[in-house]
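Readers should treat all values here as calculations from the given coordinates under stated rules, not as data from a laboratory. Remember, predicted model here, so these are calculated numbers, not experimental data. Glycine also receives a Cβ, built like all others from the backbone with ideal geometry; neighbour counts cover every protein chain displayed.
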Amino acid sequence: MNGIEPWHQVNWDWRAAGNFIGGGSGTGLVILAAIASLPGSQGVLYWPLGLLGAVLVGIGLFCVWLEIGRPWRALHVFFHPQSSWMTREAFVSAILLPVTLIAAVTASPYLPLPGVAGGTMWLAAILAALYLFCQARILHASKGIPAWRHPALMPVIVVTGLAEGCGFLLLGTALFAGSASWTLALLIGLVLARWLSWRRYLAELTETGAPTKALAVLNGATPMINNVGHFAAAVVAVLALIWIDAGPWLGALAGLLAIAGGWWMKFVVIARAAFNQGFALPLTPVRGQGEAGPGDKPGWRN
Amino acid sequence: MTRYVMVADLRRCVGCQTCTAACKHANATPPGVQWRQVLDMETGTYPQVQRTFVPVGCMHCADPPCEDVCPSTATKIRPDGIVEIDYDLCIGCGYCAVACPYQARHIVHKRDLAYGKEAMANEDKRFDEGRMSVAMKCNFCQGRIDKAKETGQTPGIDPEVTPACVNSCLADALHFGDKEDPDSNVNKLLAENQTFRMHEDLGTDPGFYYIWDKNK
């Protein structure tokens, strides 16, 4: 039996984190691969990247399937679109995956249909953005976990998905297309945005109050997240812009660092800092002719 | 309209855990799972220290976050305010458990026995495969409440149609009834006493009231 102070929830573990990791990176990649396929960009190949994005989203969903207690009832997940962001995420995924696959196949040299590919890759990008938004809302709706329900976490989830997608795009660029200065500039911008949104999240969560243990976990993980996912990624991306010859591979390294930082950040938030609300008394009862005593919220800061 | 609520008089509760045991007996919950439990909370600093016993469980919120997030519609709020789970619909995703700010939901994935590897006769008899790997929680002993429609009895007054924890309370600290009925026992208690609800700031409109003093 658990006590009074918040304890770590036991229902969502690394498999749930896997959904946010795969889903965020995959959707970010689907969005950025569509942008990178615009005429005038560096002409990166859409089909392997779009395909990889769909695979990442699929891996995330598979992680969820592994997590649920009754996996053979998984289709029941579609029953509550009126208010459940998990249902909405499932609906979006049911369209996102086939559309992305169609876009990737028709953009490939194996079944080239440029007319179809052009439209479907943008439709996939819009669906991917919706999926990413659903993921952010899933956490926000988790009222029992103070570190998740805080609204400042939503931009973190969206921005890190895009930053990770950009990281994968840089990897793809290095493999298939050569240099990509705008992608490097975009990664620097996204990493900066993620650093700022993470800072804001931590500051606001501390100010509004959260379980002490959750804050300790988040603050303890921040140096690694910042050093690897933000500072190192940005510095290597700047070096890639300066050192043109090694640009693609330095860009790939910057992308990997951005991905690693984002994945670690989400793993920490989902699987390490998910302390529940705990219990609280606003005041203590009056006994006899006495007065009510002060209340208590054990295990909380603020 | 009916809204069943529970009222706990914190001035009376002695922390005997009889309600916990009664709930366990009535609902055959597995080891480690308690739909009703009583917290022992110590507050203040020496020499001004108070000890308060606080019964907790599902608060049967009027705006339950567990119902909002449930992707399968397994969690529903009934017209009488009881939040129930359809075990046949639940997929055991655990989303409701992380959405509940009262830690009231439990998912058990493997059968656990109270004493070692041998099941006791009652554990075998009352084991319910349908409750494995799905969310479960206090349901205000809804089977008893529903019986009131057939018998014409009043939940909260007649023991046969009253939750087991309330029936068992030896200090008369736990009360149950219809808050929308102006003549109900709980309405009278709420009118005569000062109450609060836990984590009220989260906006879930919980159906569990704590009496801390009489009206002045």
note = Interchain or sequence-distant (5+) residues whose placed amide H lies within less than 5 Å of the amide H of residue B:100 are A:144
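Under the Kirkwood approximation for Rh and a Cα-based Rg, what ratio Rg/Rh is obtained for chain A? Can you show the working numbers first?
On the way: Rg = 21.6 Å, Rh = 20.4 Å.
Across chain A, the Cα-based Rg/Rh ratio is 1.06.
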query = How big is the C-alpha Rg of the range A:212-294 next to the rule-of-thumb value 2.2 N^0.38 Å, as a ratio?
reply = 1.96
message = Using the Karplus curve 6.51 cos²θ - 1.76 cosθ + 1.60 with θ = phi - 60°, what ³J(HN,Hα) values do you get for each residue of the range A:127-138, in whole Hz, with x for Gly and Pro?
response = 5, 5, 4, 4, 4, 4, 5, 4, 4, 5, 6, 4
inquiry  = Using a Debye calculation, one point per C-alpha and no hydration shell, please list log10 I(q)/I(0) for the protein assembly as shown at q = 0.08, 0.09, 0.13 Å⁻¹ in order.
reply    = -0.59, -0.71, -1.18
note = Averaged over the residues of A:61-74, the number of partner chain Cβ atoms within 10 Å of each residue's own Cβ comes to 4
query = In what sequence, highest mean first, do A:110-123, B:110-123, A:132-145 appear when ranked by Cβ atoms within 10 angstrom?
reply = A:132-145, A:110-123, B:110-123
inquiry  = Over the Cα atoms of the range A:125-231, what radius of gyration and what Dmax do you get, in Å?
reply    = 15.5, 48
query = What average number of partner chain Cβ atoms lie no more than 10 Å from the Cβ of the residues making up A:80-87?
reply = 6
inquiry  = Let me make sure I get this right: for the range B:37-123, a, b and c are the square roots of the gyration tensor eigenvalues over alpha carbons, sorted descending. Under 1.5 in a/c it's rounded, otherwise prolate if a/b > b/c, else oblate. Which is it?
reply    = oblate
request  = Name every cysteine in chain B that ends up alone, with no second cysteine's Cβ under 4.7 Å, or say none.
outcome  = B:13, B:16, B:23, B:61, B:70, B:90, B:93, B:100, B:141, B:169
ask   = Using the alpha-carbon atoms, what tilt in degrees (0 to 90, nearest 10) does helix B:18-27 show relative to the longest principal axis of chain B?
value = 40 degrees
remark   = Longest principal axis of chain B (C-alpha) makes with the long axis of helix B:142-151 (C-alpha) an angle, in degrees to the nearest 10, of 70 degrees
message = Check which residues have an amide H placed less than 5 Å from residue B:176's amide H, if you skip close sequence neighbours.
response = B:7
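Under the definition of Cα pairs under 8 Å and six or more residues apart, what whole-number percent is the relative contact order of the range A:65-209?
Working: 126 pairs, mean separation 24.1, N = 145.
For the range A:65-209, the relative contact order is 17 percent.
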Per-residue ³J(HN,Hα) for the range B:71-80, Karplus 6.51 cos²θ - 1.76 cosθ + 1.60, θ = phi - 60°, Hz, x for Gly and Pro = x, 9, 6, 5, 8, 9, 9, 7, x, 8
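Which whole-number percent gives the relative contact order of chain A, counting Cα pairs below 8 Å spaced six or more residues apart? Display every interim value, and only then the final one.
Working: 548 pairs, mean separation 73.9, N = 302.
Result for chain A is 24 percent.
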ask   = So what's the angle, to the nearest 10 degrees on a 0 to 90 scale, between helix A:212-224 and the longest Cα principal axis of chain A?
value = 30 degrees
query = Other chains' Cβ within 10 Å of B:99-110 residues: what's the mean?
reply = 4
ask   = Where Rh is the Kirkwood radius over the Cα pairs of the range B:4-214, the temperature 10 °C and the viscosity 1.306 mPa s, what D in µm²/s does Stokes-Einstein return?
value = 88 µm²/s
note = Connecting every pair of Cα atoms under 10 Å apart in chain A and solving the GNM, the largest mean-square fluctuation among A:290, A:189, A:165 falls on A:290
inquiry  = Can you work out the Karplus-derived ³J(HN,Hα) for every residue in the range A:140-155? Use 6.51 cos²θ - 1.76 cosθ + 1.60 with θ = phi - 60°, whole Hz, and x for glycine or proline.
reply    = 4, 7, 7, 5, x, 10, x, 6, 9, 6, 5, x, 5, 6, 4, x
Hydrodynamic radius by Kirkwood, which averages 1/r over all alpha carbon pairs of the range A:43-89, in angstrom = 12.5 Å
query = For chain B, modelled as a GNM with alpha-carbon contacts under 10 angstrom, which of B:97, B:171, B:74 fluctuates the most?
reply = B:171
task = Run the quick spin-label model on residue A:65 and residue A:231: label points 7 Å from Cα toward the beta carbon, then report their separation in nm to one decimal.
result = 4.2 nm
